[in-house]
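What follows is a single structure, written as structure tokens, with notes after it.
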Amino acid sequence: MRLDKLRQVDLNLLITFAVIAEEKSVTTAAQRLLLSQPAASRALQRARDLFSDDLLIRSASGFEPTPRGRKILQQLETLLPTMEALVSPEVFDPRRECSQFRISGPDNVCAVLLPRLCRRYVPSRYRVTFDFISWQPSAAEMLEHNQLDLVLSIDDGLLASHFQSETLYREDWICAVARTSPIGDRLTLRQYLAADHITVSTLPGSQTIPDKQLAALGLKRRSSIRMPYFGIALECLPGTDNVLTLTSGMRSMVERNPNLRLVKAPKELRPFHFQMVWHPRLNADGRHAWLREAIRRAANIKPLAPSQTL
């Protein structure tokens, strides 16, 4: 791309020339451009020197374009609005523009946010589509290579530090058991360690948050069943004495199931936060800014300042 000539041009001269031609008056154009009259006159003269043409000449009705000036004005009619749009902030209108958003996260955060997101932005009103990708170890790589628009994850600091993140909401731990389970309404740490557990590990080979917190105390729970989905784990509880530890956002799923009941988790299991994570190349993208605001609304929070540290 050769731009040798363009590099020597002050593009403001084109704007000044176009406004003077429209107003047919240097004085009126100067007021509109917030310039002094001499500054506007100098800009017109520089434009004349640039094009080696008078561009505008005086007439009884004010300035009139020369043939060269008229040709340049015709070109500026499309060029200047294009340049204005180029430097203006990008605004995305989901009611008029089609767009697809690819989102991934474990099923406990998805169970909280995605139903709200889908109900709020129904296809009859918005022209956006959501593609919810299953949670997988390659999520960070997919985010890096523009295969995902947004990741919903815990604030465990495992994703690369150059990703952008924003805290969405806090989660506490609760426990679910079969309604016929002999376990009472709350579990002490001793009772929790003595129970048999269904463990949900959303990524294969990774240690769960409860297990990490117990390991920090030098403790380990007993697990006879391990699976990747909280929703399926809940269905495996009836008819057993197993305990399932899950996030408080899934409380309603337990309460709606007549075969299950809630049990208070040991106080040693500490709360954590869910966050949304994206690549910094999308910070100023109007389409992605709309998506982040949609997620904030689904999480029922006000916009927060992004953090560079996960």
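Each eigenvalue of the Cα gyration tensor of the stretch 1-99, multiplied by 5 and square-rooted, gives one semi-axis; in descending order these are 28, 17, 14 Å. Across the stretch 26-75, Cα-Cα pairs farther apart than 13 Å form 61% of the total.
Counting lysine pairs in the chain that sit 8 or more residues apart in sequence, or on different chains, and whose Cα atoms lie under 22 Å apart gives 7. Based on the reciprocal of the average 1/r between different C-alpha atoms, the Kirkwood radius for the chain equals 24.4 Å. Note on the stretch 123-241: Rg/Rh from Cα positions, Kirkwood definition for Rh, rounded to two decimals, is 1.03. Placing dummy labels 7 Å off each Cα toward the beta-carbon, the span from N12 to T27 is 2.3 nm. As a length-normalised measure over Cα pairs under 8 Å and 6 or more apart, the relative contact order of the chain settles at 22 percent. A crude spin-label estimate for the pair K267 and D185, with each label 7 Å from Cα along the Cβ direction, gives 1.7 nm. If a spin label sat at a point 7 angstrom from the Cα of R119 along the line to its beta carbon, the backbone N atoms of the stretch 245-288 nearer than 19 Å would be those of 248-257. The mean sequence distance of close C-alpha pairs (under 8 Å, at least 6 residues apart), as a share of the length of the stretch 1-94, puts its relative contact order at 23 percent.
Packing-based ranking of 75-87, 209-221, 100-112, 161-173 yields 100-112, 161-173, 209-221, 75-87, ordered from highest to lowest mean Cβ neighbour count within 10 Å.
Computed on the stretch 192-275, with alpha-carbon pairs under 8 angstrom and 6+ residues apart, the relative contact order is 34 percent. Using θ = phi - 60° in the Karplus curve 6.51 cos²θ - 1.76 cosθ + 1.60, the 3J(HN,Hα) couplings for the stretch 252-269 round to 5, 5, 6, 5, 7, 9, x, 8, 10, 8, 8, 10, 6, 7, x, 5, 5, 7 Hz; x is entered for Gly and Pro.
Extending 7 Å from the Cα toward the beta-carbon at both D241 and F132 defines two label points whose distance is 3.6 nm.
Dividing the convex hull volume of the alpha-carbon atoms in the stretch 92-183 by its residue count gives 150 Å³ per residue. The sum of -39500 (n - 2.57) across all DSSP H runs of n ≥ 4, divided by the residue count of the chain, sets its helix-only mean residue ellipticity at 222 nm to -11000 deg cm²/dmol. Can you bin the stretch 227-306 into rounded, prolate or oblate? Criterion: square roots of the alpha carbon gyration tensor eigenvalues sorted a ≥ b ≥ c, rounded for a/c under 1.5, prolate for a/b above b/c, oblate for the rest. The shape class here is prolate. From zero up to wherever the largest Cα-Cα distance of the stretch 176-310 sits, split into 5 Å bins and tell me the percent of pairs in each. For the stretch 176-310, the pair-distance distribution reads 2, 8, 17, 18, 16, 12, 10, 9, 6, 2, 1. Once backbone amide H atoms are built at 1.01 Å from N, R186 has K264 as its partners under 5 Å, excluding neighbours fewer than 5 places away on the same chain.
Taken together, the values in this text are just the output of simple stated rules run on the coordinates, not laboratory data. A quick note: this is a predicted structure, and the numbers were derived from the prediction, not measured. A quick note on method: Cβ atoms are made from the backbone with ideal geometry, for glycine too, and the neighbour counts reach across all protein chains shown.
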